[in-house]
1. Taking the Cβ of residue 47 as the center, what net charge do the other residues with Cβ under 9 Å away carry, scoring Lys and Arg +1 and Asp and Glu -1?
2. For the residue pair residue 240 and residue 100, what label-to-label distance in nm results when each label sits 7 Å from Cα along the Cα-to-beta-carbon direction?
3. Taking amide H positions as placed 1.01 Å from N in the peptide plane, with prolines and chain starts having none, which residues 5 or more places from residue 80, or on another chain, fall under 5 Å of its amide H?
4. Calculate how many DSSP beta bridges within the chain are antiparallel, expressed in % of all such bridges and rounded to the nearest 5.
5. Could you pull out every residue, at least 5 positions away or on a different chain, whose amide H is within less than 5 Å of the one on residue 223? Hs are placed 1.01 Å off N in the peptide plane, and Pro or chain starts have none.
6. Between segment 265-312 and segment 230-257, what is the separation of their alpha carbon centroids in Å?
7. In what sequence, highest mean first, do 122-133, 238-249 appear when ranked by Cβ atoms within 10 angstrom?
8. Please sort 40-53, 285-298, 60-73, 3-16 by packing, taking for each peptide the average over its residues of neighbouring beta carbons within 10 angstrom, highest first.
Amino acid sequence: MHELVERIKNKDIRALARAITMVENDHPEKLALLSDVFSLGRRAFTVGLTGSPGAGKSSLVNRLISQVRKEGKTIAVIAVDPTSPFSGGALLGDRVRMSEHYTDPGVFIRSMATRGSLGGLARATKDAVRICEAFGFDVVLVETVGVGQSELDIMKIVDTTALVLTPNSGDVLQVFKAGIMEIADLFVINKADLDGVVKLSRLLRELVLLTADENRRKAIVKTITTENRGIDELWEKMKEHREYLYSTEEGNQKRFSQLELEVYDLIREEIWREVKGFIEEKKGLEALDLHADPYETAKTWLAKWKEEAFKK
Ligand SMILES: Nc1nc2c(ncn2[C@@H]2O[C@H](COP(=O)(O)OP(=O)(O)OP(=O)(O)O)[C@@H](O)[C@H]2O)c(=O)[nH]1
Ligand SMILES: [Mg+2]
């Protein structure tokens, strides 16, 4: 077994941090490491929180950490910022928001940034979640800012995805965005102390009814993090969703699609790595001029790579 995984197994927090850096940076040993990580067979309850910038995700995470700790469980938090190439920097505010937990050995908080991982940020995040699971955390929580593709990716990564909305913003429109109703397993109306709660929750309820399958209606929970309200209910609903995943056919179906997607993602990443390596080795694109046909070029190099690959 990989030396680092041995250390992770024995709850070495520095090994944990080091392994996450390796997946973030696409270290050549990444896949071997992850395979060992997976073979430990440790699983956690994985939860995603996504929503617009400033919706209160980190404040919710902070409260959820307390909730989980109250139950005597350990928790890892991965904060993903798809807008920042640096891990750590954007999290300065969060350090303040979650400061009470930084000295708790049952809590691990880590930020991730884009930094050009081959499989993309979603892939690196999934790997980081796996590493946290291998360490033995009971709960792994991923916070990701809902911009662009990232909020749709989160559903591939975790068991339970909560979409955080607020009543005072353009968030009402958020729910009409393609795919949003589908990715969210439950909805959080945070900042429920502000005006507009009634309107937003009515709209959400209608949408939930419209899109509900027969067996499960998605929960809507109101929270006010500043007053620590609604957090216990939110945590209950999250756990209920997990129950559903592990006890019903539809839940199983969702887990199966996640697995399938992951296998395809890994294959795509691996093939891309190989083909790119092959082209670079042959300095294939260096002679390209600006009028080159990208379709033809891609086809030609794929064919060359295939020919070589079959010879092996
Ligand atoms: N009134 C009110 N303000 C809140 C509530 N929850 C969070 N806030 C405030 O909203 C602001 C943003 O909170 P964050 O927790 O940083 O939000 P976030 O979604 O993590 O933000 P990003 O990570 O930057 O996308 C802060 O000033 C919080 O104090 C709430 O329930 N009510
Ligand atoms: Mg945040």
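The values are calculated or read from the model by the stated rules, or taken from the named source; none is laboratory data. Only a predicted model underlies this, so the values are computations on that prediction, with no experimental measurement involved. So basically every Cβ, Gly included, is an ideal-geometry build from the backbone, and we count neighbours across all protein chains shown. Only protein heavy atoms, including side chains, enter the accessible area calculation; ligands, DNA and RNA are left aside. Shrake-Rupley method; radii C 1.70, N 1.55, O 1.52, S 1.80 Å.
1. Details: positive: 242; negative: 159.
Neighbour charge sum, excluding residue 47 itself: 0.
2. The answer from the label model is 2.6 nm.
3. Residues meeting the amide H criterion: 112, 143, 144, 145.
4. Details: 1 of 34 bridges.
Taking every DSSP beta bridge with both residues in the chain, the antiparallel ones total about 5 percent.
5. Close amide H contacts, sequence-distant or interchain: 189, 190, 191, 192.
6. The two parts, judged by their Cα centres, are 42 Å apart.
7. Highest mean packing first, the order is 122-133, 238-249.
8. Numbers: 40-53: 20.6, 285-298: 8.7, 60-73: 18.1, 3-16: 16.3.
The most tightly packed comes first, giving 40-53, 60-73, 3-16, 285-298.
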